[in-house]
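The values are calculated or read from the model by the stated rules, or taken from the named source; none is laboratory data. Quick caveat, the model's predicted, so the values are computed rather than measured. Ligands, DNA and RNA are stripped out before the accessible areas are found, and what is left, the full protein with its side chains, is counted by its heavy atoms. Shrake-Rupley method; radii C 1.70, N 1.55, O 1.52, S 1.80 Å.
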Amino acid sequence: MTGLYDDDIAAVLCGRLPTEVVLPLPGEEVDAYAERAVGELLVLYVTRWPGGPSG
């Protein structure tokens, strides 16, 4: 099983809304934003993971 759990997502968001962490682009469709945001949140999580590339 892979993916982020609730506490993983909370660690990336740090109390912010997803749209505050990954800003929607002007005119971006909801589905396109969701796909892009998930990818960017995963990158943020992996780069901040203890023992990860930046940990």
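Of note:
- A full extension of the chain between Leu23 and Ala10 corresponds to an added length of 3.0 nm, given 0.36 nm per residue minus the alpha carbon distance.
- Residue-normalised accessible area of region 5-44, expressed per residue, 1.4 Å probe, Å²: 74 Å²
- Backbone HN-Hα couplings from phi across region 32-39 [Karplus 6.51/-1.76/1.60, Hz, Gly and Pro as x]: 5, 4, 4, 5, 5, 5, 4, x
- Anisotropy class of region 1-43 from Cα gyration tensor, a/c 1.5 cut: oblate
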